[in-house]
1. By how many nm would the segment from residue 95 to residue 207 grow when fully extended, if each residue of separation counts as 0.36 nm and the alpha-carbon distance is taken off?
2. Be a star and scan the stretch 105-133 for residues whose amide nitrogen sits under 20 Å from the point 7 Å along the Cα-to-Cβ vector of residue 179.
3. Arrange the following residues from fewest to most other Cβ atoms within 10 Å of their Cβ: 88, 59.
4. Counting only C-alpha contacts under 8 Å and six or more residues apart, can you give the relative contact order of the stretch 157-275 as a whole percent?
5. Ranked by Cβ crowding within 10 angstrom, fewest neighbours first, how are 199, 174, 57 ordered?
6. Residues of the stretch 51-67 with backbone nitrogen within less than 12 Å of a virtual label 7 Å along the Cα-to-Cβ line of residue 130, please, listed as ranges.
7. Output the direction-averaged projected area (hull surface divided by four) of the convex hull of the alpha-carbon atoms of the stretch 157-275, in nm².
């Protein structure tokens, strides 16, 4: 601050405490309109980008009750990786004690991503029903990311075999997903495949006794381990059947877009649009029930009353109160302390009398010592 004001060290006309008081004053000044300012920000962000989504409700007194928002970046991530969403309500750090809820997903590289946020008045069932009915619009992505040339240049160094299946997985999957696929593919050669009929196979590890059944009709494959249903990556049992049946190309239905590279995802979206199966739902940020100038009437939300023990002091039991009562250490009474105890004077006088008697006894005692030579 001294450098900004261009003054010498120690010559500022204000202290650090003054700056803190200024921040506190500004916070109190804007806290009366923070809900209105936040809605103005959402409205402005929506006008700049259609991918920005928000929705809110008001109570009978025009106080902000619930609000959900999702910025442009989070919305684009939701379009690609919205198949896995985790809802968390463990945060409550704000001036209104409103539960802060977040929607979290996992991208194609296995990283945690933020998909949306919400501030709720309470955690009632009706509140969550409103929140989960908020529908994000699925809109076309207006640009296409470039392919990572360095990975394509040195792709041969990542292969553990010369199989076209592994090369196909490298071209489609992200590095994170390809490592998982490569691990399953490397273990596929360790399994024995016994064919029961044209479409059913019994797959068994060459050491273990447990078996898995794989069904493969040339177009669709299923395994009893359910790895593809849970993870989205083909298991080693299905891959071993592919190798047994000389399958050199995995069907596109087993390359999920959530684990695919960006260019593969955009290709799939464009194909869906050409086929007429691309659904564009309505935006959740219209709020047609509110006029444009209605935001000026919005009031700040009240402090939420959440579950759990109240912040005020609880009523203590009799034992706890008895332990907290201070008593005089001389007479054990609770009406006064040791310094104001009336029995202290009597006790002091008795101590003085005892001291005087002891002194008199010492004076009267004159011992005569006889020494013999």
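1. Contour length minus Cα-Cα distance gives 34.2 nm.
2. Within reach of a label on residue 179: 105-113.
3. Numbers: 88 10, 59 13.
By the 10 Å Cβ count, ascending, the order reads 88, 59.
4. Working: 143 pairs, mean separation 30.7, N = 119.
About 26 percent, as a whole number.
5. On the way: 199 13, 174 20, 57 16.
Exposure proxy ranking, most exposed first: 199, 57, 174.
6. Hits in the stretch 51-67 for residue 130 at 12 Å: 55-67.
7. On the way: hull surface 32.1 nm².
Result: a mean projected hull area of 8.0 nm².
Every read-out reported here was derived from the displayed coordinates using simple, explicitly stated rules and does not represent laboratory data. Note that the structure is a prediction, hence the values are computed from the model and not measured. Neighbour counts run over all protein chains shown; Cβ positions are idealised from the backbone, glycine included.
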